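Working notes for the structure below.
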Amino acid sequence: MIKKTRDPRSIYTRSVMSKHPFGVKPQGNALLEDPRMTYALRKQSLGDLSVLSDDCLMYLLDFIDDIESLKQLMATSKYLFVFTNDEDLWKKRYTSQNKKEQLKWRGSWKRSVLGWNNDIIVNVDLNSEVIYRPFQVANIVYESLFHNLVEAEMNNKKLSINEEGRIPRFAKISQKQFDDIETPFILTDHKWPQWTLEELNSKYGSIKFQQEAVKWPLSTFIEYLQSNKDENPLYLFDCRSEAMTELRKQYQAEIPQVFQEDYFKLLGNHRPDHSWLIVGSKRSGSTFHKDPNNTSAWNACITGKKLWVMLPPHITPPGVSVSEDQSEITSPVGIGEWVLSGFYNDAIKIPEALVGITFPGECMYVPSNWWHLVINLDNSIAITENFVPEKDLQNVLTFFQTRPEQISGFKLNDIKGLINILSCKNQRISEFIQLLEDSSIDLFEDCGELENLPQVPIFDIFKQLLMDNGKEAVLSQILERMKPKRPQKRVWSCISESSTDASPVPFSFNFSVD
């Protein structure tokens, strides 16, 4: 009998168990208890609401948008106190009301919204997956969960080893090597800014940065980053703050040479946002996705460690479903749920899957159209840019030609600006301009966010820009490769056709008689 060896990249998800502060236990514990006693306790605390499932009760609580009403409901019983302790519930109350006054962060959304400095602790005899699971996810310590992988990656980094199933590391890479490589890699020998959270806070603490649904001063976000209980922590992903102009100047000259060729530079000031400052707390990150418009990307880790799981374009990640036209991606609620549900271990069983960790000072290359998931193992700072090297220009042109309705980041005003600088305009471009002039569409909206938008002729526009900038030869080669290939006939079809065309020949065993 051959014993299967365990993949050294795998993890033990059963080890992620934490004691809930209110005594709530996973639903499976109910099997060990008297159901009559369980129901009696539920009836005593919830009254008529006891007939509702936990999922249904939480769903109804989500409709209470008045903070004072939610606060009063919380005081009616122990069970309702526990249900209304859900962090996501209070986070939604804050973000949906779009509060303009400055929030003082107090360690949790509930405490911050209610102005409490401390938690009230109650002890309940409750088995509930709806309550326990978010708490379990919010208390994952990825540094411990992926300890073996971190140790192995550190060892590989020191010894310059590239193991199978790991994202390879290179100290340096030539332009020819870059042009030939089609998979992710990590650049190790490069100089990047050595920012720290303390340094950024001292310089830009009062400046507001975008953090998903909120826009807080950096000082507030750093307080949140250092102490939050979110199942899916906020992620600072900012490209337009006042500080970004200055921050870009600090790293622009440090971008590796192989990442500097960028055909989207032809778009000038009309290109989509492409350079970002990323700051995230441990447990934050991004679920599986592909970068917009089939662009490639580089991601330089300034502080902290990032775990990457990557799959080639043709393989849909476990736990992720994609619509036929790839316009809609559905996945679990967040990264933690994806990991605990076993999808990480499922992913690494795929032969083409690559896993890696970027340490401070390292830069990840994400090829065009590759799936990637990122987890911040600890508090981190990174910078990233999307770009279009010549080797990926065909991917971008194909995307523009076949999926113009899925373009992202382009505002109609930018499209109009690009059209104005073209040396000539074909019929599709001229008709689109006329449609814009005849409509009342907001020109500052993202094309990807607008419904019933006439098809944007982005392929024709970009193609003309390439020609206007002396790239006819490159474009011609790509367009030739993009032409649909004529299907080759099967050998039997050719034989059948030739037999049909030839004169009929009488059947014979072809025996010769002497």
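A few notes on this one:
- Looking only at residues of region 140-170 that are within 21 Å of the chain's Cα centre (by Cα) and over 22 Å from LYS349 (Cα atoms), we find that the one that is surrounded by the most Cβ atoms within 10 Å (Cβ to Cβ) is ILE140.
- Hey, SER423 surrounded by fewer than 19 Cβ atoms within 10 Å (Cβ to Cβ), assigned to a loop (DSSP other than H, G, I, E, B), small (Gly, Ala, Ser) and more than 21 Å from the chain's Cα centre (by Cα) or not: yes
For every residue, the table says whether it meets (1) farther than 28 Å from GLN401 by Cβ; (2) hydrophobic (A, V, I, L, M, F, W, C).
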{"position": "LEU311", "(1), (2)": "no, yes"}
{"position": "THR316", "(1), (2)": "no, no"}
{"position": "VAL320", "(1), (2)": "no, yes"}
{"position": "ILE329", "(1), (2)": "no, yes"}
{"position": "ILE348", "(1), (2)": "yes, yes"}
{"position": "ALA353", "(1), (2)": "yes, yes"}
{"position": "GLY356", "(1), (2)": "yes, no"}
{"position": "VAL366", "(1), (2)": "no, yes"}
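- Scanning region 344-399 for residues that are in contact with a Phe, Trp or Tyr (Cβ under 6 Å, 6 or more places away or on another chain) and in a helix (DSSP H, G or I) turns up just one, LEU393.
Quick grid of which residues meet (1) more than 29 Å from the chain's Cα centre (by Cα); (2) in the same structural domain as VAL355 (by TED's automatic domain parsing); (3) buried (at least 16 other Cβ atoms within 10 Å of the Cβ); (4) over 25 Å from SER341 (Cα atoms):
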residue	(1), (2), (3), (4)
GLY23	yes, no, no, no
LYS43	yes, no, no, yes
SER69	yes, no, no, yes
ARG93	no, no, yes, yes
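- The one condition in (1) loosely packed, with under 15 Cβ neighbours inside 10 Å; (2) in a loop (DSSP other than H, G, I, E, B) that LEU435 fails to fulfil: (2)
- Selection from region 197-217 of residues that are among the aliphatic types (A, V, I, L, M) and either modelled with pLDDT under 95 or in a strand (DSSP E or B) (or both): ILE207, ALA213, VAL214
- The one condition in (1) more than 25 Å from GLU254 (Cα to Cα); (2) touching a residue at least 12 places away in the same chain (Cβ under 8 Å) that LEU159 fails to fulfil: (2)
- Criterion (over 25 Å from the mean Cα position of the chain (by Cα), surrounded by 12 or more Cβ atoms within 10 Å (Cβ to Cβ) and at positive phi) met by exactly one of GLY115, GLY205, GLY107: GLY107
The values are calculated or read from the model by the stated rules, or taken from the named source; none is laboratory data. Everything numeric in this text was worked out from a predicted model, so none of it was measured. Glycine gets a Cβ as well: all are built from the backbone with ideal geometry, and neighbour counts include every protein chain shown.
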